[in-house]
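Before any comments, here is the structure.
The values are calculated or read from the model by the stated rules, or taken from the named source; none is laboratory data. Being a predicted model, the structure only gives us computed values, none of them experimental. No Cβ is skipped: glycine too gets one built from the backbone with ideal geometry, and neighbour counts run over all protein chains shown.
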Amino acid sequence: PAPAPPAGPSLGFTAIDKSLLDDVVLPAGYTYSVVHATGDRLVSSIPAYSNTGAETDEWTMRVGDHHDGMDLYYINASGRYSATETNRAVLVMNHESSADAHFFHPNGQTSGGVAGKKFSQFDSWDLGVRPELEVLKEINHHGVSVAEVGKNSSGRWEYKLDSLYNRRVTGQSPMRIAGPAAHLADIRSFMVTAYDTSGATSRGTLNNCGHGKTPWGTYLACEENWAAYFFMPTGSTAVDTKTQTSRQRYGVARVPLSGTATSAGSQGWSATASAATDNRFGRWNVSAPGATAAQDFRNEPNTFGYIVEIDPLTNGTPAKRVAMGRFAHEAAVCGLPVVGQPLAFYMGCDSRNEYIYKFVSTAVWSEADIGGGSAAGDKYLNEGRLYVARFNDTGSGEWIELNIANPLISGYATYVFANQADVLINARHAADAVGATKMDRPEWGAVNPANGEIYFTMTNSNNASRPVTGTNAANPRSYTDNDGRGQVGGNPNGHIIRFRETAGASTATTFAWDIFLFGAEEDAGASINLSGLNAKNDFSSPDGLWFSKVTGICWIQTDDGAYTDQSNCMLLAAIPGSVGDGGAITVNNTVAGVSGTQNTFIGAALGEARLRRFLVSPRGAEVTGITESADGRAIFVNIQHPGENTPAIGTNPSFTFQSQWPGNVGYGPAGRPRSATIVITRTDGGVIGV
Ligand code: FEO
Ligand code: CA
Ligand code: CA
Ligand code: CA
């Protein structure tokens, strides 16, 4: 019998309708204001943001773009981290992507002397020479921002200009390569570049998506689509086969395994006139070395793809935690810490058919380490075991350790591992070798504070990655035009899976799982709308996921490109329950002439009492990071890339914007849309959501 759900919250607001408005829409009784937006200055010594692209390279002193994962850190009287509420705090957040970098320049992005362009992260483009200033602005808006926040005299949350805690970590900040002592020399041998021929340090963090917060009070920035930043010129010579096999698996420089490069996907950062002599630009070109060793950056891609630990209250050098594996890190969530037990961190690799991983520390948790900064990080995040998840058909699963001692790894033919350092750095290959379960794009994880169960969003899949004949019990849905809308194959609306470690132990190597929720359009029909969603709670493509420690509400954020005719992206509140509380449902994936897989999974239809739409974003935006004040009376939410479908200026001479938020609601200069953090409060001052 299924265990009874723990006593949980009730949802105390009226669900809102879907929206296509260019504003944040909230339930009655709730209000929002902007805390900060892309380009806001952190120091008063530089000009306020123009929102016209007029800035020089001051982005190391401005809030970055594409706000993503974030967390709040209270500061104690000694200026160190406080696990409980104080009267000072910093808000720390990731700045994910360059996808809207055309807004940073007066007339869009420029290459080959032609302005008015917009480069997508995954574009192949002409690689005409790019202006240095444009590239530096684009590199420096990436990374992480730290800004002190607090309530002003009218009780409204704002960021504090000129706080000594205000700080930026960017795509070229120095980083420390950290890992298990026994393998550190081997790890460094993979990191040798012209920047540091010892491999002990590297430059920059990129494409930080979801995040994590450690129990000792540091911030984990997660490097997701870093692979897309590297370039090999057409016709350049491939590096050695082993390196190419690694790059192929990670999508670096998108070149064939042998022969010469034929495609040019990248951000164009190595396309400046000075790239041959200035390695701030040259390092993005990862072809075989040119004339001088000073330009040898073949290993530069090995320096990205990690969990990056930052102490938000010091200026210390961030650490790349190699023990936690290298992949397209979406987020890192710590299981409920138990004194005297190892800590577990759960991590998704967000690409189609990728995996869920767990890192278990060797050190056991001691509350004496709270406030211990990066030194505590060295204790917990360097030594440990890295596992990957296999979901069995029966609602059970297992964690398989990625260790060179496993014959499946040491004997893997596709990629021959040199040592355990190689296993960590090429974790995707190791996970392939042990037969982990390929998932429908694992995005954020979150831990239910009521019972320690772990939830993960599977944002979506397509027919190529999840054909009707290629489902499994944990990814059971592949559309067969069930609703007559033409979708055959794939799981375009996504689902949320959850699991419970055996005996609740961080060190467990087995777990129980079920499916919590399936995304769908409310009128899609019962064979797609498996969770019985209605007009007040239907959604697609779950991405951000977070539990309030105050209310226990599970908050779900969407990043949806398939449902935007119906609604902008949204934030929903759910009452979680527990693994196994939902009964069993069978899915038949069968299309005329093609037999699919029949899967029985355990899952619930959540009624409106347990799932309600709380927020809808402005046009073109994705709803990303979320955190709360310690009293639960304020939640912070990130609105990422409003107006992302604004075309390039060259094809859009009047520069018509898909969105003009937040300028259109009175925050900052009107015109170009900007990512921003909002703070949501109740007009009666009450706790959010209940
Ligand atoms: Fe950056 Fe997986 O979203
Ligand atoms: Ca994004
Ligand atoms: Ca995401
Ligand atoms: Ca996403």
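Can you pull out every residue in the stretch 410-464 that is of a type in the set (S, T, N, Q) and away from ligand 4 (no atom under 16 Å from the Cβ)?
Of everything in the stretch 410-464, those that are of a type in the set (S, T, N, Q) and away from ligand 4 (no atom under 16 Å from the Cβ) turn out to be Ser410, Thr414, Asn419, Gln420, Asn426, Thr437, Asn448, Asn451, Asn463.
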State whether the residues of the stretch 130-139 include one that is crowded, with 17+ Cβ neighbours inside 10 Å and not in a helix (DSSP H, G or I).
yes
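Looking at this structure, is Thr214 of a type outside the set (Lys, Arg), buried (at least 22 other Cβ atoms within 10 Å of the Cβ) and touching a strand residue (DSSP E or B) at 6+ places or on another chain (Cβ under 6 Å)?
Values: of a type outside the set (Lys, Arg): yes; buried (at least 22 other Cβ atoms within 10 Å of the Cβ): yes; touching a strand residue (DSSP E or B) at 6+ places or on another chain (Cβ under 6 Å): no.
Against the criterion (of a type outside the set (Lys, Arg), buried (at least 22 other Cβ atoms within 10 Å of the Cβ) and touching a strand residue (DSSP E or B) at 6+ places or on another chain (Cβ under 6 Å)), Thr214 does not qualify.
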Would you mind telling me which numbered condition in (1) without any contact (Cβ under 8 Å) to a residue 40 or more places away in the chain; (2) over 27 Å from Gly504 (Cβ atoms); (3) not aliphatic (A, V, I, L, M) Ser366 fails?
(2)
What single numbered condition from (1) at positive phi; (2) assigned to a loop (DSSP other than H, G, I, E, B) fails to hold for Ala503?
(2)
Provide a single number: the residues in the stretch 669-690 that are assigned to a loop (DSSP other than H, G, I, E, B), at pLDDT 95 or above and of a type in the set (Val, Ile, Thr).
3
Only listed residue being under 26 Å from Asp71 (Cβ atoms) and within 16 Å of ligand 4 (Cβ to nearest atom), chosen from Ser163, Ser154, Ser97:
Ser97
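If a residue must be touching a Gly at 6+ places or on another chain (Cβ under 8 Å) and within 22 Å of Tyr346 (Cα to Cα), how many such residues does the stretch 401-411 contain?
Number of matching residues: 1.
Matching residues to (1) within 16 Å of ligand 1 (Cβ to nearest atom); (2) surrounded by 24 or more Cβ atoms within 10 Å (Cβ to Cβ); (3) charged (D, E, K, R):
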site	(1), (2), (3)
Asp440	yes, yes, yes
Asn451	no, no, no
Thr469	no, no, no
Ala473	no, no, no
Arg477	no, yes, yes
Arg485	no, no, yes
Asn491	yes, yes, no
Trp513	no, yes, no
When every residue in the stretch 325-371 that is over 15 Å from Thr214 (Cβ atoms) and of a type in the set (Ser, Thr, Tyr) is compared, the one nearest to ligand 4 (Cβ to nearest atom) is Ser351
Considering the stretch 83-117, residues that are buried (at least 17 other Cβ atoms within 10 Å of the Cβ) and more than 22 Å from Asp40 (Cα to Cα), and then whichever is nearest to ligand 1 (Cβ to nearest atom), we arrive at Lys117
Scanning the stretch 167-187 residue by residue, those surrounded by 15 or more Cβ atoms within 10 Å (Cβ to Cβ) and out of contact with any Ser or Thr (no Cβ under 8 Å at 6 or more places or on another chain) turn out to be Gln172, Ala178, Gly179, Pro180, His183, Leu184, Asp186, Ile187
Out of all the residues in the stretch 154-191, which are in a helix (DSSP H, G or I) and among the charged types (D, E, K, R)?
Asp186, Arg188
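Here's the yes/no breakdown for (1) touching a residue at least 40 places away in the same chain (Cβ under 8 Å); (2) closer than 17 Å to Gly282 by Cα:
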site	(1), (2)
Pro215	yes, no
Leu220	yes, no
Phe231	yes, yes
Asp240	no, no
Select from the stretch 467-496 the residues that are among the charged types (D, E, K, R) and touching a Phe, Trp or Tyr at 6+ places or on another chain (Cβ under 9 Å) and list them in ascending order.
Arg477, Arg485
Matching residues, the stretch 612-668, being small (Gly, Ala, Ser) and part of a strand (DSSP E or B)
Gly625, Ala634
Picked from the stretch 493-506 (must be surrounded by fewer than 24 Cβ atoms within 10 Å (Cβ to Cβ) and of a type in the set (S, T, N, Q)), the residue nearest to the chain's Cα centre (by Cα) is Ser506
Identify, please: which residue in the stretch 321-364 is buried (at least 20 other Cβ atoms within 10 Å of the Cβ) and among the polar types (S, T, N, Q) and is, among those, modelled with the lowest pLDDT?
Ser351
In the stretch 35-94, residue nearest to Ser675 (Cα to Cα) [restricted to those that are of a type in the set (Phe, Trp, Tyr) and under 26 Å from the mean Cα position of the chain (by Cα)]
Trp59
Step by step: first the residues of the stretch 540-566, then only those that are closer than 16 Å to Arg613 by Cβ and at pLDDT below 95, then the one that is farthest from ligand 3 (Cβ to nearest atom). Which residue is that?
Gln566
Hey, does the stretch 384-407 have a residue that's aromatic (Phe, Trp, Tyr), crowded, with 24+ Cβ neighbours inside 10 Å and under 19 Å from the mean Cα position of the chain (by Cα)?
no
Can you say whether Asp57 is within 16 Å of ligand 1 (Cβ to nearest atom) and either among the charged types (D, E, K, R) or surrounded by 16 or more Cβ atoms within 10 Å (Cβ to Cβ) (or both), as far as the supplied structure shows?
no
In the stretch 321-344, the residues that are in a strand (DSSP E or B) and within 15 Å of ligand 1 (Cβ to nearest atom):
His329, Glu330, Ala331, Ala332, Val333
Determine which member of the set Gly39, Gly69 is farther than 24 Å from Phe547 by Cα, touching a Gly at 6+ places or on another chain (Cβ under 9 Å) and buried (at least 18 other Cβ atoms within 10 Å of the Cβ).
Gly39
